[in-house]
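The values are calculated or read from the model by the stated rules, or taken from the named source; none is laboratory data. Keep in mind that what you see is a predicted model, and the values were worked out from it rather than measured. Cβ sites come from the backbone with ideal geometry, for glycine too, and all protein chains shown count toward neighbours. We work out accessible area using only protein heavy atoms, side chains counted, and drop any ligands, DNA or RNA first. Shrake-Rupley method; radii C 1.70, N 1.55, O 1.52, S 1.80 Å.
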Amino acid sequence: MRKLVVIAFTSLDGVMQAPGGPDEDTGGGFTHGGWAAPLVDEPTIELMTGLTSRAGALLLGRSTYEVFAESWPLTEADDPVGSLLNPMPKYVASRTLKTVEWQNSTLLTGDVPEAVRALKAQDGREIQVHGSAGLIQTLLRHDLVDEMQVLTFPVLLGSGKRLFGEGTVPAGLRLVGSATLRTGVVAGRYARDGEPVYGALGPETGNW
C-alpha cells in the first residue's frame, strides 16, 4: 500500500486558499491571495524540496492542477522542485477537464475515491496532494488520507477555503515530525491514528 500524504500551506486560522499569488484563486471573492509568499524563504524551499522528493506521484484537484501546469513547466531543468514535479506521474481529479497536457498527467475517470483507493493499492512511494482544497475534503470524508504535512503561517485571514472544511470526519492524529522555520512558519507532520479519544478536565476529575 502507498501512503497518501496531504501537503498544505495554511494560515493560523486554517485558510489554505491562494497562498502563492493574488490571482491564484479568487473564488468566493477571496482578496488575500499571496499571503504566504513573503514568508517563503530558502529554508522553506529546502523543506518543500525534501518533502517533494519523497513522492512517487501527485494527486491534484482541477484548480491546483491548472495553476501548477501553467507555472512548473516553465522552470529550468535544474530547478530543485520543478525538476521533481515535471517528470513525476500526476493524477488529476476533475469533473470538467477533458484533457490534461502537463507531462505525465492522467485524468481520473469515474468514482474518485475508488480511483484513489486503486492508486494507493499499488507499490511505490507516497502519493502527495498539494493544495487542492476541494479534493482534500473528499479524501478526508472517505478516510483516504494517511498523513498530513501542514505548514502553518503566522497570519490570520478570516475567510477563504479551509483545510478542514465542513463535513470533516473526526479522526485521531499523531505528530510524527515538526520544525519551526525562521520566518515563524511551523511545519508539522501528522499520521492518522485511529479515532479521537475523549475525556474530561477539571479539579473534580483529578486531571487538573
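Which net charge results for the neighbourhood of Q122, defined as the other residues with beta-carbon distances under 13 angstrom from its beta-carbon, given Lys and Arg at +1 and Asp and Glu at -1?
Details: positive: R2, K3, R117, K120, R125; negative: D123, E126.
Once positives and negatives cancel, what remains is +3.
Taking every pair of alpha-carbon atoms in segment 115-180, what share in percent sits in each 10 Å bin, from 0 to the bin with the longest distance?
For segment 115-180, the binned pair fractions read 15, 46, 33, 6, 0 percent.
Just going by the charge dipole of the chain, with Lys and Arg at +1 and Asp and Glu at -1 on Cβ, which of A118, T49, T183 is farthest out on the positive end?
It is A118.
Each residue of segment 139-150 in turn: what ³J(HN,Hα) in whole Hz from Karplus with 6.51, -1.76, 1.60 and θ = phi - 60°, glycine and Pro shown as x?
5, 5, 4, 9, 6, 9, 8, 8, 9, 10, 9, 10
Within the accessible area of the chain, what % is carbon and sulfur when the probe is 1.4 Å and the other protein chains stay in place? Provide the component values of the computation, followed by the final result.
Numbers: 5960 of 11010 Å².
After summing per-atom areas, the C and S share lands at 54 percent.
So for the pair L175, L97, with labels modelled 7 Å out along Cα→Cβ, what separation do we get in nm?
With each label point 7 Å from Cα toward Cβ, the separation is 3.5 nm.
In whole Hz, with x marking every Gly and Pro, tabulate ³J(HN,Hα) for segment 170-182 from phi via Karplus 6.51 cos²θ - 1.76 cosθ + 1.60, θ = phi - 60°.
So the Karplus estimates, Gly and Pro as x, are x, 7, x, 10, 10, 6, 10, x, 7, 7, 10, 8, 5 Hz.
Test of the criteria: in segment 45-147, which trypsin sites (Lys or Arg not before Pro) are in a DSSP loop and have at most 11 other Cβ atoms within 10 angstrom of their Cβ? Write out the running numbers ahead of the final one.
Numbers: sites: R54, R62, K90, R95, K98, R117, K120, R125, R141; in loops: R54, R95, K98, R125.
Here the trypsin sites (Lys or Arg not before Pro) that fit, given the DSSP loop and packing criteria, are R95, K98.
Across the chain, how large is the tail of the calculated P(r) beyond 26 Å, expressed as a percent of all Cα pairs?
On the way: 7598 of 21528 pairs.
Beyond 26 Å sits 35 percent of the P(r) for the chain.
Amide H of R162: which non-local residues (sequence gap of 5 or more, or other chain) have their own amide H closer than 5 Å, using H built in the peptide plane?
For R162, whose amide H was placed from the backbone, the distant partners under 5 Å are M16.
Counting alpha carbon pairs within less than 8 Å and at least 6 residues apart, what relative contact order, in whole percent, applies to segment 29-99? Write down the numbers at each step before the final one.
On the way: 42 pairs, mean separation 27.0, N = 71.
Here the relative contact order equals 38 percent.
For segment 1-116, what are the per-bin percents of Cα-Cα distances with bins 10 Å wide, up to the bin holding the maximum?
12, 40, 39, 9, 0
Give the residue list of trypsin sites (Lys or Arg not before Pro) in segment 170-208 that are DSSP loop and have at most 14 other beta-carbon atoms within 10 angstrom.
Numbers: sites: R174, R182, R189, R192; in loops: R182.
Sparse-neighbourhood loop trypsin sites (Lys or Arg not before Pro): R182.
Over segment 1-157, what is the relative contact order in percent, taking alpha-carbon pairs closer than 8 angstrom and at least six residues apart? Write out the running numbers ahead of the final one.
Values: 262 pairs, mean separation 66.9, N = 157.
Over segment 1-157, the number comes to 43 percent.
Given a 1.4 Å probe and the protein chains all in place, what does the accessible area of F164 round to, in Å² to the nearest 10?
Answer for F164: close to 110 Å² accessible.
Could you list which residues have their amide H under 5 Å from that of Q128, counting only those 5 or more apart in sequence or on another chain, with H placed in the peptide plane?
Residues meeting the amide H criterion: V5, G56, A57, L58, L59.
Find me the longest stretch of the chain that has none of the exposed GluC sites (Glu not before Pro), where exposed means in a DSSP loop (not H, G, I, E or B) with at most 14 other Cβ atoms within 10 Å.
Numbers: sites that count: E76, E101, E166.
Value returned for the longest uninterrupted segment is 1-75.
Could you tally the net charge around F30, taking each other residue with its Cβ under 10 Å from the Cβ of F30, Lys/Arg +1 and Asp/Glu -1? Working shown, then result.
Working: positive: K161; negative: E24, D25.
Every neighbour counted, the sum reads -1.
First measure r as the distance between the Cβ atoms of A191 and T26, then evaluate 1/(1 + (r/R0)^6) with R0 = 30 Å and state the FRET efficiency to the nearest 0.05. Walk me through the numbers on the way to the answer.
Working: r = 34 Å, r/R0 = 1.13.
So the FRET efficiency works out to roughly 0.30.
How large is ³J(HN,Hα), in whole Hz, for each residue of segment 24-29 in order, when computed from phi with the Karplus curve 6.51 cos²θ - 1.76 cosθ + 1.60 and θ = phi - 60°, using x for Gly and Pro?
3J(HN,Hα) across segment 24-29, in whole Hz: 5, 7, 9, x, x, x.
Quick check: the angle from helix 42-52's long axis to the longest principal axis of the chain, C-alpha only, nearest 10 degrees?
80
Taking 7 Å along the Cα-to-C-beta vector as the label spot, tell me the F164-A77 distance in nanometres, rounded to one decimal.
The modelled label-to-label distance comes out at 4.5 nm.
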